[in-house]
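Remarks on the structure that follows.
What follows draws every value from the coordinates through simple rules; no lab data is involved. This one's a predicted model, so the numbers in the text were calculated from it and none came from an experiment. Cβ atoms come from the backbone with ideal geometry, glycine included; neighbour counts cover every protein chain shown.
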Amino acid sequence: MQTPKILLVLAALSLNACDAAPEIPQSKTLGAFLGRVEQVRVNKNWRDTRLAFGLRLSAAAEERATHSVVYDAAYEQIAYPQGDVAPDRGVCSDEVIRAYRLVGIDLQRLVHEDMARAFHVYPKRWGLKAPDRNIDHRRVPNLATFFTRHGTSLKPSTNGDDYKPGDVVAWALADGRPHIGLVTERRSSDGTRPLVMHNIGAGPQIEDMLFGLTITGHYRYDG
């Protein structure tokens, strides 16, 4: 696992957090499966419902890993709905939000609407009295609450096969700060773990880090 790289980046982070990936070993069935996913990547047709949602979201995560993004957790006023910070800026949660938007799901709007209906069930660690559509969806604990309420919350495990393409995983950094990423259909070199798209300081990357941090949440959400 590539934990040394993670630790080096963590040491450089001072803001709230939130490689080229090896291919999966080929088989006749798996080759056909990867061919369908590759068509989505090449054609940028992440909303093609002929392919399972998780695979489309995984392909969208792969697309996000082609972008250069400076890690920047600054608060900004943004448009609503479909608002975003500058495309070359953002944190871990922004990459999850951007991947979901590629498949047609606007987490900014969905989280805001859910918080407006049930603000009392969301974390209160920021001292807010009401939802803030500029930032609420960018906070990992809020996303975890939303996915728990409206998706499927799965028990974290140490079995890589329990994590499917398109799953959302939340972690705690060594100092307790939250982090979040998306599971892809790519696998580790030994085939036992899926690789994850995340931004832990160096922009969106696809890495073998699923078990490199403490997992605090495992979710599936398809809108």
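Taking R0 as 25 Å, what FRET efficiency do you get between Tyr75 and Thr214 from their Cβ-Cβ distance, rounded to the nearest 0.05?
Efficiency at R0 = 25 Å is approximately 0.40.
What is the fewest-to-most order of Trp171, Trp46 by other Cβ atoms lying within 10 Å of their Cβ?
In increasing order of surrounding Cβ atoms, one gets Trp46, Trp171.
Which ³J(HN,Hα) values, rounded to whole Hz and listed in residue order, are derived for the stretch 154-170 from phi using the Karplus coefficients 6.51, -1.76 and 1.60 in 6.51 cos²θ - 1.76 cosθ + 1.60 with θ = phi - 60°, glycine and proline given as x?
Values, residue by residue: 10, 5, x, 9, 9, 9, x, 5, 6, 9, 9, x, x, 5, 9, 10, 10 Hz.
Return the loop-located chymotrypsin sites (Phe, Trp or Tyr not before Pro) in the stretch 114-147 (DSSP other than H, G, I, E, B) with at most 15 other Cβ atoms within 10 Å of their own Cβ; answer none if there are none.
Trp126
Calculated FRET efficiency, Asp132 and Asp190, Cβ-Cβ r, R0 35 Å, to nearest 0.05?
Working from the Cβ atoms, E equals 0.20.
At R0 = 25 Å, how high is the FRET efficiency between Ala118 and Arg47 if r is their beta carbon distance? Nearest 0.05 is fine.
0.30
Taking a cut-off of 18 Å between Cα atoms, list the aspartates and glutamates near Lys44, but don't count ones fewer than 8 places away on the same chain.
The qualifying aspartates and glutamates are Glu62, Glu63, Glu95, Asp106, Glu185.
Once amide H atoms are built 1.01 Å from N in the peptide plane, which residues 5 or more positions from Leu154, or in another chain, come under 5 Å H to H?
His218, Tyr219, Arg220
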